[in-house]
Amino acid sequence: MSNMQNLYLLVPLAPLLGAILAGLLGHVLGRAWTHRITIFMVFVSFVASVLIFQDVMAGNTFNGTVYTWLTTTDARLEVGFMIDRLTVLMMLVVTFVSLMVHIFTIGYMKDDAGYQRFFSYIALFTFSMLMLVMSNNFLQLFFAWEAVGLVSYLLIGFWYTRPTAIYANLKAFLVNRVGDFGFLLGIGLVFMVFGTLDYQTVFNDAASHAKDMAPIAGVSWNLMSAICILLFIGAMGKSAQFPLHVWLPDSMEGPTPISALIHAATMVTAGIFMVARMSPMFELSETALSFVMVIGAITALFMGFLGIIQTDIKRVIAYSTLSQLGYMTVALGASAYSVAIFHLMTHAFFKALLFLAAGSVIIAMHHVQDIRQMGGLRKYMPITWITFLIGSLALIGTPFLSGFYSKESIIEAVYLSQLPGASFAYFAVVAGVFVTAFYSFRLYFLVFHGAERFGKKHSQHDHHQGLAPGEKPHETSWVVTLPLILLAIPSVGIGALAFDQLLHLGYFGDSIYVAEVHQLQVLAKTLQHEIIEHPMSMALHAFGTLPFWLAVAGVLTAWLFYMKRPDIPEMLKHRFDFLYTVLDNKYYFDRFNDWFFAGGTRGLSSFLWKFGDIKLIDGVMVNGTARLVGAFSGVMRNIQTGYIYHYAFFMIIGVFVLLTIRHWFE
């Protein structure tokens, strides 16, 4: 067992060592050795994860302490690992996608002055995420949670000379602090009630506290509902759920490799993973599950609408991430935890593929990101074209591709749910199918088909000049195209491969840490009896279902609007100008936040400065004290004349007053 424990330690510590070497010695190592060392370390982490996965599938799990950080009379605060089926699945996804991103970065960042710094950051990001998914207690979870937030701040603002990047990373940091405040309160409540931060102990005792009222002054809330909703507020920040979603589209200011890492395998999936891990607690609160489902449904549908009008290639994909995170959250609310993790896994591959393919396009276009200046790239960039098409087809849930199995299962799970809000959630996820297909293929057609629109005048917002007139885009080096090919393979096949394990056989069924509950069993039976016992049958059955035809309708509508009749979108834009303005302003969330929260904070600060600092402290306490002393001194100065008869007169008057007062009180 000690050998396996050493292997567990190797998984997060290898990327950490790579990050330290790249960060502290990058200038000595040079560019080539920096990327060789960090990529090798992440590869070691991936191989170790594969070996641990095989060990866990053979029936060996681990839950124990690696290091005791602090011991008090009441509690022990430890660093420990919980290695079970949920953990190893996340470890494989994180290390594989991170490895692909590391390789891609060689090509994408080759001309950047901060090359070594970037490799240090992404290796550190990988370490932070691995510590998060491997943790066996809330303390380690929180530290890793904050480390992921910190490194995302550094990466989003990587190009720190750009004002937009500085604004974006500050926004991400502040919005995540809002979610983390709720998360910390939830962890505090767990510690207050259970007296420990160890997962297993808390989960084992959770049922005995299911009917308790939360020990919060002035409110009468169910304990489990309060804990779960507070923990989920943390997930809303990290996984960008409404209304804490506003940071994620702006995070596109970071370099494209980090967009892939944040959006596919690490930061945004942390919230989904955390809720799945906490499922034994969430199962005890129908209120919390309803809340989770409704928030997810709002995010899935309304964030998808925003993707329809974006013109930046990365922002369209960013809004699709928001929408897909909404789907995962809806599945969590429907108690279909394994389905949510299934979609998390498939989404990680095809979303990383889409972002890296977008990065390949951006390199070829000399860092122009406006899709209105692209078009017809299919013949110049065949590998990027086919991989981007595979990613888009997986995203919209095309039968036989990976995204189909997980997305279809989510829709089924919501349909079977009896929770309050389930009918709205079902409408949202079904309508979202059309919206997703429409904006995904709008992007695909505008970039890879139609007339060539590059090599012309570019907008003033572009940071680079783009292609010169007459210059043609082309595929770049193998370090860019190899990760695309390697990510396209699981984007096609992983859904069918994992289908039996994650849906029928109950991948998490033998684990006490992920509740396998009634709704999920019903879902598995429905999928087995009505649809299928095989992934091929499920895919064939889908051709007769509503979601499939909605996806087809979305693709055909995008083709009609942007290939055949580009006048229609323009006409609709003018006809529904008000609606377009609302979408263009992102439902005015940013404006409201700037006015209410930022403006309100500035207004309060201004009031405290003018009243508290200038009037109260300076005016009354400092200057007022000086004036009072001056006035008293002025009076005393007039009394001190130096004449003896004046002093005798005051003494006589004083004696007279004292005698009078004494006479009154006798």
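The values are calculated or read from the model by the stated rules, or taken from the named source; none is laboratory data. Please read these numbers as outputs of a predicted model, since none were measured by experiment. Heads up, the Cβs are rebuilt from the backbone with ideal geometry, glycines too, and the neighbour counts pull from every protein chain shown. The area values use the complete protein model at the heavy-atom level, side chains included, leaving out ligands, DNA and RNA. Shrake-Rupley method; radii C 1.70, N 1.55, O 1.52, S 1.80 Å.
So residue 248 fits all but one of (1) more than 25 Å from residue 82 (Cα to Cα); (2) modelled with pLDDT of 85 or more; what number is the exception?
(2)
So, in region 108-120, of the ones that are part of a helix (DSSP H, G or I) and either open to solvent by less than 10 Å² (accessible area, probe 1.4 Å) or among the hydroxyl-bearing types (Ser, Thr, Tyr) (or both), which residue ends up farthest from residue 63 (Cα to Cα)?
Within region 108-120, the match that is farthest from residue 63 (Cα to Cα) is 108.
Looking at region 69-103, which of the residues that are open to solvent by 10 Å² or more (accessible area, probe 1.4 Å) and part of a strand (DSSP E or B) is nearest to residue 155 (Cα to Cα)?
Applying the filter and picking the extreme gives 79.
Name the pairs: first residue in region 85-97 and closer than 8 Å to residue 46 by Cα, second residue part of a helix (DSSP H, G or I) and open to solvent by 10 Å² or more (accessible area, probe 1.4 Å), Cβ to Cβ under 6 Å, at least 6 apart or on different chains?
Listed by first residue and then by second, the contacts come to 92/53; 95/46; 96/46.
When residue 200 is evaluated against the numbered criteria (1) over 21 Å from residue 149 (Cα atoms); (2) in contact with a helix residue (DSSP H, G or I) (Cβ under 6 Å, 6 or more places away or on another chain); (3) open to solvent by 10 Å² or more (accessible area, probe 1.4 Å), which criterion, by number, is the only one it fails?
Failing condition for residue 200: (2).
Which of the residues belonging to region 400-440 are of a type outside the set (Val, Ile, Thr), within 19 Å of residue 554 (Cα to Cα) and open to solvent by 10 Å² or more (accessible area, probe 1.4 Å)?
Within region 400-440, 400, 401, 408, 426, 427, 431, 434, 438 qualify.
Report yes if residue 386 is surrounded by fewer than 24 Cβ atoms within 10 Å (Cβ to Cβ) and under 21 Å from residue 554 (Cα atoms), otherwise no.
yes
Does residue 120 qualify as being more than 22 Å from the chain's Cα centre (by Cα) and polar (S, T, N, Q)?
Answer is no for this residue.
If residue 643 passes every condition in (1) more than 47 Å from the chain's Cα centre (by Cα); (2) of a type outside the set (A, V, I, L, M); (3) within 30 Å of residue 371 (Cα to Cα) but one, which one does it miss?
Among (1) more than 47 Å from the chain's Cα centre (by Cα); (2) of a type outside the set (A, V, I, L, M); (3) within 30 Å of residue 371 (Cα to Cα), the lone unmet condition for residue 643 is (3).
For residue 334, which of the numbered conditions (1) of a type outside the set (Phe, Trp, Tyr); (2) surrounded by fewer than 24 Cβ atoms within 10 Å (Cβ to Cβ); (3) on the phi < 0 side of the Ramachandran plot fails to hold?
(2)
Among the residues of region 209-235, write down those that are among the hydrophobic types (A, V, I, L, M, F, W, C), closer than 15 Å to residue 191 by Cβ and modelled with pLDDT under 80.
214, 216
Determine whether residue 195 is more than 13 Å from residue 284 (Cβ to Cβ), out of contact with any strand residue (DSSP E or B) (no Cβ under 8 Å at 6 or more places or on another chain) and surrounded by 14 or more Cβ atoms within 10 Å (Cβ to Cβ).
In short, no.
Please go through region 145-176 and pick out each residue that is farther than 10 Å from residue 250 by Cβ, of a type in the set (A, V, I, L, M, F, W, C) and open to solvent by 20 Å² or more (accessible area, probe 1.4 Å).
147, 150, 154, 159, 166, 173, 174
How many residues are over 17 Å from residue 203 (Cα atoms), in contact (Cβ under 8 Å) with a residue 40 or more places away in the chain and not in a loop (DSSP other than H, G, I, E, B) if we restrict to region 55-64?
The total comes to 1.
So, residue 588, is that one in contact (Cβ under 8 Å) with a residue 60 or more places away in the chain and closer than 30 Å to residue 323 by Cα or not?
The answer is no for residue 588.
Name the residue, out of 548, 561, 578, that is among the aromatic types (Phe, Trp, Tyr), open to solvent by 70 Å² or more (accessible area, probe 1.4 Å) and assigned to a helix (DSSP H, G or I).
So the residue among 548, 561, 578 that is among the aromatic types (Phe, Trp, Tyr), open to solvent by 70 Å² or more (accessible area, probe 1.4 Å) and assigned to a helix (DSSP H, G or I) is 578.
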